[in-house]
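All of the numbers you see were taken from the coordinates with simple rules; none came from a lab. Since the structure is predicted, the reported quantities are computational estimates derived from the model, not experimental observations. Heads up, the Cβs are rebuilt from the backbone with ideal geometry, glycines too, and the neighbour counts pull from every protein chain shown.
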Amino acid sequence: MTIALLAATALEGQTETANLKKIEFDEASLEDVIAFFRSGPGSSGKSKNILVDPKLSNREIKVTLTLYDVSRGVAFAYAAEIAGFDYREEKYALRIFPRNGNKPSVKGFLTRGGPMTARRASEIIMPKVEFDATGLAEVIRDLSSASRQLDPKKKGLNIILSRGVDPSTPVTLRLQNVPVSTVLKYVAEFARLDLRADGSAIVFTPRKKVDQKEPAK
């Protein structure tokens, strides 16, 4: 049994470096994701190795993700969450391995700045929202695109579907003159999902199961 060994640039350490204008994956494999971070345009930082756990070799990993104005390290962390693997940076290598359990491993540097993202979502006003049994993936693409056009600061919002969220979930919603934050809240409610505001994106995640206790007799 062998471990794949690939040269790549530092990832998590790049979260403070210059951001890329747009990063997009359409059903990308793990090899595609690694190749992008290894040799894609705009890479910087000290070269590192990537060690891929053999247990991931038999898994079908597909990553669909669109992000604007983020670093490679941030995009890689979201790709890992969507694909269902975890990683750890060591002195001489980046180790990629299967996630332990079903709970997503969210990197701490992603969540920093969440209140700022949430505030921006509340400041962007949508004049009209109309979805009629529209698939969730299309809904978040439209909302993300509209947020970039309507944002007074011209930054907009990255919106992501985490692992375990069905992108085909139909959404029917009609609203006028409401903040994007309100639209996202209703979308999450009707799709039975939770929301997480990170420093670089708003993430739809599977709803947490609440233990139901039997009523006292």
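The figures follow:
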item	result
Spacing of the two label points (7 Å from each Cα toward its C-beta) at residue 130 and residue 185, in nm	2.5
Cβ-based net charge around residue 154, under 12 Å, with every Lys or Arg adding one and every Asp or Glu removing one	+2
Residue-by-residue Karplus 3J(HN,Hα) for region 133-150, coefficients 6.51, -1.76, 1.60, Hz, glycine and proline x	6, 8, x, 4, 4, 5, 4, 6, 5, 5, 5, 5, 5, 5, 5, 5, 6, 9
Net lengthening on full extension, residue 119/residue 137 (0.36 nm per residue, minus Cα-Cα)	4.2 nm
Long-range amide H partners of residue 70 with built H, under 5 Å	20
Cleavage-rule hits, GluC sites (Glu not before Pro), region 63-111, DSSP coil, Cβ neighbours within 10 Å at most 14	90
Length released on extending from residue 24 to residue 207, taking residue separation times 0.36 nm less the Cα-Cα span	63.3 nm
Within region 126-184, trypsin sites (Lys or Arg not before Pro) in DSSP loop having at most 12 other beta-carbon neighbours inside 10 Å	153, 154
Inter-site label distance for residue 172 and residue 53 at 7 Å from Cα along Cβ, in nm	4.3
Sparse-neighbour loop sites [chymotrypsin sites (Phe, Trp or Tyr not before Pro); region 68-134; at most 15 other C-beta within 10 Å; DSSP]	92
Whole-Hz ³J(HN,Hα) from phi, Karplus 6.51 cos²θ - 1.76 cosθ + 1.60, for region 77-90, glycine and proline x	5, 5, 4, 5, 5, 5, 6, x, 10, 10, 8, 9, 8, 10
Stretch gain in nm, segment residue 69-residue 92, where the contour uses 0.36 nm per residue and the Cα spacing is subtracted	5.5 nm
